[in-house]
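Visitor: Mind having a look at this structure? Questions to follow.
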Amino acid sequence: MTVNKRKKNSRQRGSKTHGWGAMKKHRGKGNKGGAGRAGSGKRGDAKKPSIWKNKEYFGKYGFKKKGIVRKVIPINLLELQKKADFLAADKKIQKEGETYVVDVEKIGYNKVLGYGKLKNKFKITSPSFSKEAIEKIKAIGGEAVQKKVEEVKKPIAKPSEQPTKPVEQKEK
């Protein structure tokens, strides 16, 4: 009868193979043929046609402006039309006569899209509009005011670091 049997893993601490013999038997991804793009080499014939078809499989494409992070949060005209009375009651937009005055950024959006029909006149202020949205707003007699987007620009150098011209002294 064994009273105090040692745990098996206590004997495996510090052992390279943990009881699996050669290291290559339990290496991980190499044992499974790789992960991701692995295995698309000389013998990866099943994967090759899908790579040939997609011309953008390798590499990076396009430009991204550094320092400016602007996520587009759109709203459709249909949504504005449906929510107009509720937003006016909550005082998030104003109603001047028959016209609703909307600042889209105050509601939490930054682009107006042209899906839907307008029944009321709207004066909408937004950083950006789709062409269709502008046409529909103007067709019913409303107004689309586009705000300028303020871009974050990094200063070239601090005023103290910029070289200054030496001051010329006048002769007496």
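Coordinate-derived values only; no laboratory data. Owing to the predicted nature of the structure, the values given are computational and were not obtained by experimental measurement. So basically every Cβ, Gly included, is an ideal-geometry build from the backbone, and we count neighbours across all protein chains shown.
Visitor: Can you say what percent of the DSSP beta bridges in region 74-146, counting only those with both residues inside, are antiparallel? Round to 5.
Guide: 20
Visitor: Report the label-to-label distance for residue 22 and residue 73 in nanometres (one decimal), using points 7 Å from each Cα along the Cα→Cβ vector.
Guide: The modelled label-to-label distance comes out at 5.9 nm.
Visitor: Write down the Å³ per residue value for the convex hull defined by the alpha carbon atoms of region 74-146.
Guide: Here the figure is 70 Å³ per residue.
Visitor: Below 8 Å between Cα atoms, with a sequence gap of 6+, how large is the relative contact order for region 74-146 in percent?
Guide: Answer for region 74-146 is 31 percent.
Visitor: Still on this structure: If we count every other residue with Cβ under 14 angstrom of residue 106's Cβ, Lys/Arg +1 and Asp/Glu -1, where does the sum land?
Guide: Every neighbour counted, the sum reads +2.
Visitor: Would you work out the charge dipole size for region 74-146 about its Cα centre, treating the Cβ of every Lys and Arg as +1 and the Cβ of every Asp and Glu as -1, and quote it to the nearest 20 debye?
Guide: The calculation lands at about 120 debye.
Visitor: Between beta-carbons, use under 13 Å as the cut-off and find the net charge around residue 41, counting Lys and Arg +1, Asp and Glu -1.
Guide: +4
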